[in-house]
Amino acid sequence: MTETTSTDSPAFPAAISTQQQAVEQTLTNNVLASFEDCTDPRLKQLMQSLVSHLHAFIRDVRLTEAEWNTAIEFLTQVGHITDDRRQEFILLSDILGVSMQTINVNNDALGNATEATVFGPFFVEDAPEIPIGGDIAGGASGQPCWVEGTVKDTDGSSIPHVRIEVWEADEDGFYDVQYPDNRVTGRAHLFSDDQGNYRFWGLTPTPYPIPHDGPVGKLLEATGRSPMRASHLHFMVTAENHRTLVTHIFVRGDELLKHDTVFGVKESLIKDFAQQPAGTPTPDGRDLLDAVWTRARFDIVLAPASIL
Ligand code: BEZ
Ligand code: FE
């Protein structure tokens, strides 16, 4: 059992002298005290807690000055590669599980409400509207997939006319915005019908890597981690008086479900994408010219807006 000079502080590693512990604890206490007069109570809490955890980390791992310099250089590179189209800080947050933990903290599990997951960098405002049963592919390559479901509240009542945004990568693992030609494919929005039902054609999701040609990719490589995400289809569902749901559905059986590099997979979001042999009649009579296709069901339950 190691000694500490304050009951608020974590234990020091063994072999750190009491005198040295006092030096380190005094600095932590001084920095904490510097925020004492902050008039915004939430900002004060955030800064003091951040300082406590950062100092505890430095003392715990006995951070070397060379490692501190490397960290500063890394964050500088993260800043340099970030622009209007590339947000490396969010990628960093994603691969550290910080994005998912923030989502968890802000979307309390609520009975049967559909669980949220990571937003990702590839949502685009003003994606085209498609009618119920329309096709979000817009020319993107991939295996056709029929997706259908209901939108209900946690009491089981249908919610009509809910806005449903959907977006996904093509079969080569790229979103439209990753191509240089301003195409708009693999994304659309539609509205649930009078009974709260929806359906559309999309593409069977395939796995793809997060952008990994920058410092975050180097960090993944240095730590022996893969940049791959499990196959998924993104949803954002918005309805008045309900908590906006940002989520994905994942493909049951995908080998990457346990290794999603942004920790986005939740068991309840894994769905069957049932293979339909060539020639199987489609639900809306669409002629797929003997292509194999899949179908998936995703029943969405929205939490009330008042529950955070
Ligand atoms: C995505 O789902 O597309 C994504 C999510 C987090 C980081 C990078 C990509
Ligand atoms: Fe994605």
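The values are calculated or read from the model by the stated rules, or taken from the named source; none is laboratory data. Note that this is a predicted model, so its numbers are computed, not measured. Backbone-built Cβ (ideal geometry, glycine too); neighbour counts: all protein chains shown. Keep in mind that these areas ignore ligands, DNA and RNA; they rest on the heavy atoms of the full protein, side chains included. Shrake-Rupley method; radii C 1.70, N 1.55, O 1.52, S 1.80 Å.
Would you check if there is a residue in region 147-155 being within 11 Å of TRP201 (Cα to Cα) and either open to solvent by 20 Å² or more (accessible area, probe 1.4 Å) or touching a Gly at 6+ places or on another chain (Cβ under 8 Å) (or both)? Looking through region 147-155, at least one residue is within 11 Å of TRP201 (Cα to Cα) and either open to solvent by 20 Å² or more (accessible area, probe 1.4 Å) or touching a Gly at 6+ places or on another chain (Cβ under 8 Å) (or both).
Can you name the residue in region 175-186 that is outside any helix (DSSP H, G or I) and over 17 Å from the mean Cα position of the chain (by Cα) and is also nearest to ligand 2 (Cβ to nearest atom) among such residues? Among those that are outside any helix (DSSP H, G or I) and over 17 Å from the mean Cα position of the chain (by Cα), it is GLY186.
Counting the residues of region 44-74 that are open to solvent by 80 Å² or more (accessible area, probe 1.4 Å) and either at pLDDT 95 or above or not in a helix (DSSP H, G or I) (or both) gives 13. Taken over region 221-269, residues that are of a type outside the set (Gly, Ala, Ser) and assigned to a loop (DSSP other than H, G, I, E, B) amount to 16.
Here LYS218 passes the criteria (1) more than 27 Å from GLY156 (Cβ to Cβ); (2) part of a loop (DSSP other than H, G, I, E, B); (3) free of Cβ contacts under 8 Å to residues at least 40 places away in the same chain except the one numbered (2).
Residues in region 121-139 that are in contact with a Gly (Cβ under 8 Å, 6 or more places away or on another chain), in contact (Cβ under 8 Å) with a residue 60 or more places away in the chain and open to solvent by 20 Å² or more (accessible area, probe 1.4 Å): PRO128, ASP135.
Within region 210-228, if we keep just the residues that are within 16 Å of ligand 2 (Cβ to nearest atom) and of a type in the set (A, V, I, L, M), the residue that is farthest from THR261 (Cα to Cα) turns out to be VAL216. Take the conditions part of a loop (DSSP other than H, G, I, E, B), without any contact (Cβ under 8 Å) to a residue 60 or more places away in the chain and either among the acidic types (Asp, Glu) or surrounded by 15 or more Cβ atoms within 10 Å (Cβ to Cβ) (or both) and apply them to ASP108. Does it pass? No: the conditions fail for ASP108. If you go through region 27-43 and pick out every residue that is in a helix (DSSP H, G or I) and open to solvent by less than 50 Å² (accessible area, probe 1.4 Å), you end up with 3. For region 156-171, a residue qualifies if it is within 16 Å of ligand 1 (Cβ to nearest atom) and surrounded by fewer than 18 Cβ atoms within 10 Å (Cβ to Cβ), and exactly one does: GLU171.
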